[in-house]
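Just below is one structure, and these are the notes that go with it.
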Amino acid sequence: MNIKDYANSGILKIKEYIPGKSIKQVEREIGLAEIYKMASNENPNGASNKARALYRELEDQLHRYPEIYNPELMAKFAQKLNLKPENITIGNGGDGVIYNFGMAFINDGDEALIPEITFSVYEIVTRIMRGVPVFTKMKGTLIDIDDIYKKITDKTKVIYLCNPNNPTGEALPVKELTDFIKSIPERIILFLDEAYIEFTEEEYTPDSLGMIREGIKNLFILRTFSKIYGLAGVRIGYGVSNPEFINLVQRVKPPFDVSLVAENLALHALDDKDFFNKTLSETNIEKKYYYSELDKMGLKYYKSQTNYILIDTGIDGASVAEKLIKKGIIVRPTKNYNFPSCIRVTIGRKKENELFFKYFKEILARKN
């Protein structure tokens, strides 16, 4: 039996997505009683109290299917974003929206331009659809807009742009990004992943939704509830674009891919401004703490527009991550992103951050 004779030819070149280790996985491997996960950029404050309260009230509806296309949530989005429901699609997390987008738009042989260092799911989805990933260069750790222009061909269908970019946390200046979006040929779709946009400083926060309102047709924006809203576990993300693009995505979208629980929790999370502001404020305070400590240690790091920081340990990052796990601190090694000496650390609560630096300093001291 040759599995290649059975497989979708597009998936045979896919590299497996490697997620951050879960708390339960580390518990099984090491058996520690107290573990702090700082690897997957989840919200350390948990979820909104309004969403938590509602969760306990939903038990009488768990046997019911949600409404197809989640009209109540889309209407709420439309009001919040000053758009129409026809501009919005909802999916099973941000990843679900990426998959739905790929199925709707990528044909055999279509080229998708993808920066060399970015979120790996873009490549995975492109290959599944038997498209051709074309990787563009970086300017150091920043996405190279000029090289994206150079790589455009008659076969280019999609440009994937993660801003702020995962895993570096860096973002493009507003003018540079805005000029780029407006200069792309209309036949090419720009998929703009803004999973972390709520954390960015003003000079790095483009009015991307305003561009949709202005009528830019070839822009597709992705956002998520997994980060600042603290709903990573229930899986809900959303895409924003022109109604014609959204209609195509809705055609391939599984009918019940967003659960009744996810829809209702998202509705309430949108209303909890106190939780949103608390998360943003605490993240910024703790981010400054990281910068201060890393400066004292003399380590290189990348100024982040997100809720995580990419840190150059100066030694093997995977080894540092393994040693931290044994102390109950889960961080993300980034060798698979071509940063072999780096780790990506989610900004946690004060206690978690202090523990991280305590053990991190001990580990590096043993190497000196």
Those residues of region 93-103 which are closer than 19 Å to C162 by Cβ and in contact (Cβ under 8 Å) with a residue 40 or more places away in the chain amount to G93, G94, D95, G96, V97, I98, N100, F101
Kindly list the number of the only condition in (1) modelled with pLDDT of 95 or more; (2) open to solvent by 10 Å² or more (accessible area, probe 1.4 Å) that fails for N307.
-> (2)
Tell me which residues, restricted to region 78-132, are assigned to a strand (DSSP E or B) and open to solvent by less than 10 Å² (accessible area, probe 1.4 Å).
-> I88, T89, I90, G91, A112, L113, I114, P115
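Yes/no per residue for (1) more than 21 Å from D95 (Cα to Cα); (2) in contact with a Pro (Cβ under 9 Å, 6 or more places away or on another chain):
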| residue | (1), (2) |
| --- | --- |
| E263 | no, yes |
| F275 | yes, no |
| Y290 | yes, no |
| M297 | yes, no |
| G314 | yes, no |
| A318 | yes, yes |
| F339 | yes, yes |
| G348 | yes, yes |
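For region 178-225: of the residues being among the hydroxyl-bearing types (S, T, Y) and without any contact (Cβ under 8 Å) to a residue 40 or more places away in the chain, which is nearest to Y308 (Cα to Cα)? Write out each step before concluding.
First, the residues of region 178-225 that are among the hydroxyl-bearing types (S, T, Y): 178, 183, 196, 200, 204-205, 208, 224.
Next, only the ones that are without any contact (Cβ under 8 Å) to a residue 40 or more places away in the chain stay: 178, 183, 205, 208.
Numbers: T178: 25, S183: 31, T205: 17, S208: 23 Å.
Among residues in region 178-225 that are among the hydroxyl-bearing types (S, T, Y) and without any contact (Cβ under 8 Å) to a residue 40 or more places away in the chain, the one nearest to Y308 (Cα to Cα) is T205.
Consider T178 carefully, then state whether it is open to solvent by 10 Å² or more (accessible area, probe 1.4 Å), of a type in the set (S, T, Y) and out of contact with any helix residue (DSSP H, G or I) (no Cβ under 8 Å at 6 or more places or on another chain). Explain how you work it out, then say what you get.
Values: open to solvent by 10 Å² or more (accessible area, probe 1.4 Å): yes; of a type in the set (S, T, Y): yes; out of contact with any helix residue (DSSP H, G or I) (no Cβ under 8 Å at 6 or more places or on another chain): no.
No.
Name the single residue, out of those in region 296-311 being outside any loop (DSSP other than H, G, I, E, B) and not aliphatic (A, V, I, L, M), that is farthest from I143 (Cα to Cα). Steps first, please.
Within region 296-311, the subset outside any loop (DSSP other than H, G, I, E, B) is 296-297, 300-301, 308-311.
After this cut, where a residue has to be not aliphatic (A, V, I, L, M) as well, the list is 296, 300-301, 308.
Details: K296: 29, K300: 19, Y301: 17, Y308: 18 Å.
Step by step, filter region 296-311, then rank; the result is K296.
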Among (1) over 19 Å from the mean Cα position of the chain (by Cα); (2) modelled with pLDDT of 95 or more, where does Y196 come up short?
-> (1)
Of all residues in region 141-173, which are open to solvent by less than 40 Å² (accessible area, probe 1.4 Å), not acidic (D, E) and not in a loop (DSSP other than H, G, I, E, B)?
-> I143, I145, I148, T156, V158, I159, Y160, L161, C162
Which number in (1) assigned to a helix (DSSP H, G or I); (2) open to solvent by 20 Å² or more (accessible area, probe 1.4 Å) marks the one condition that L209 misses?
-> (2)
Within region 215-227, is there a residue that is farther than 29 Å from L54 by Cβ, out of contact with any Gly (no Cβ under 8 Å at 6 or more places or on another chain), at pLDDT 95 or above and in a strand (DSSP E or B)?
-> yes
Please find, among E29, E34, the residue that is assigned to a loop (DSSP other than H, G, I, E, B) and either at pLDDT 75 or above or under 11 Å from I325 (Cβ atoms) (or both).
-> E34
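Which is acidic (D, E) and either part of a loop (DSSP other than H, G, I, E, B) or touching a strand residue (DSSP E or B) at 6+ places or on another chain (Cβ under 8 Å) (or both), of D274, D257?
Working: D274 fails: either part of a loop (DSSP other than H, G, I, E, B) or touching a strand residue (DSSP E or B) at 6+ places or on another chain (Cβ under 8 Å) (or both).
Selected residue: D257, the only one of D274, D257 that is acidic (D, E) and either part of a loop (DSSP other than H, G, I, E, B) or touching a strand residue (DSSP E or B) at 6+ places or on another chain (Cβ under 8 Å) (or both).
The values are calculated or read from the model by the stated rules, or taken from the named source; none is laboratory data. Quantities reported herein were computed from a predicted structural model and do not represent experimental measurements. Glycine also receives a Cβ, built like all others from the backbone with ideal geometry; neighbour counts cover every protein chain displayed. Accessible surface areas use protein heavy atoms only, side chains included; no ligands, DNA or RNA. Shrake-Rupley method; radii C 1.70, N 1.55, O 1.52, S 1.80 Å.
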